[in-house]
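> Can you keep this structure in mind? I'll have questions shortly.
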């Protein structure tokens, strides 16, 4: 019973950190997640090389203090941000590109919390409360990829 309470406390603490990171901006329309096909934050991008989109996303997240983590998928980027210096918890964003029939791309973002970060016991969980902030990030990436729209 004590382990269950500890896990619940850790999860709630991590969710609180993510909410605090979202700040007041999430109360505006811009930070809200629209109803999407995936149920996750996403944007549709014009047809262009995947590497170009990934480069823009990489610059965006690295510029905000995230660290890039290795991914096993060619069209996925993973970024981590420790919750504080020396912490074993982190926020994780998984970005994945999906090619559409018309040549465009869907860019999905998945907000996650990571426990035991960078250890053999690392585990991640979806954190839906971070979706509004990630939707805003994806919107900014779209504006940078498609500056003339």
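The values are calculated or read from the model by the stated rules, or taken from the named source; none is laboratory data. Everything numeric here is computed off the predicted structure, so don't read it as measured data. All Cβ positions, even for glycine, are placed from backbone atoms using ideal geometry, and neighbour counts span all protein chains on display.
> Within segment 83-95, restricting attention to residues that are out of contact with any helix residue (DSSP H, G or I) (no Cβ under 7 Å at 6 or more places or on another chain) and surrounded by 19 or more Cβ atoms within 10 Å (Cβ to Cβ), which residue is farthest from residue 55 (Cα to Cα)? Before the answer, list the steps.
From segment 83-95, those out of contact with any helix residue (DSSP H, G or I) (no Cβ under 7 Å at 6 or more places or on another chain) are 84-88, 90, 92, 94; that's our starting set.
Then keep just the ones that are surrounded by 19 or more Cβ atoms within 10 Å (Cβ to Cβ); that gives 90, 92, 94.
Values: 90: 23, 92: 18, 94: 15 Å.
Restricting to residues being out of contact with any helix residue (DSSP H, G or I) (no Cβ under 7 Å at 6 or more places or on another chain) and surrounded by 19 or more Cβ atoms within 10 Å (Cβ to Cβ), the top hit is 90.
> For segment 32-60, give me each residue that is part of a helix (DSSP H, G or I), in contact with a strand residue (DSSP E or B) (Cβ under 8 Å, 6 or more places away or on another chain) and in contact (Cβ under 8 Å) with a residue 40 or more places away in the chain. Explain how you work it out, then say what you get.
Within segment 32-60, the subset part of a helix (DSSP H, G or I) is 50-60.
After this cut, where a residue has to be in contact with a strand residue (DSSP E or B) (Cβ under 8 Å, 6 or more places away or on another chain) as well, the list is 50, 53-54, 57-58.
Result: 50, 53, 54, 57.
> Next question. Kindly indicate whether any position in segment 39-57 is closer than 24 Å to residue 125 by Cβ and at pLDDT below 95.
Yes, because at least one residue in segment 39-57 is closer than 24 Å to residue 125 by Cβ and at pLDDT below 95.
> Of the residues 100, 125, which is under 19 Å from residue 72 (Cα atoms) and modelled with pLDDT of 95 or more? I'd like the intermediate steps shown before the answer.
Values: 100 fails: under 19 Å from residue 72 (Cα atoms).
Every option except 125 fails the conditions.
> So, one more: Only one of (1) surrounded by 15 or more Cβ atoms within 10 Å (Cβ to Cβ); (2) assigned to a helix (DSSP H, G or I) fails for residue 143. Which number is that?
(1)
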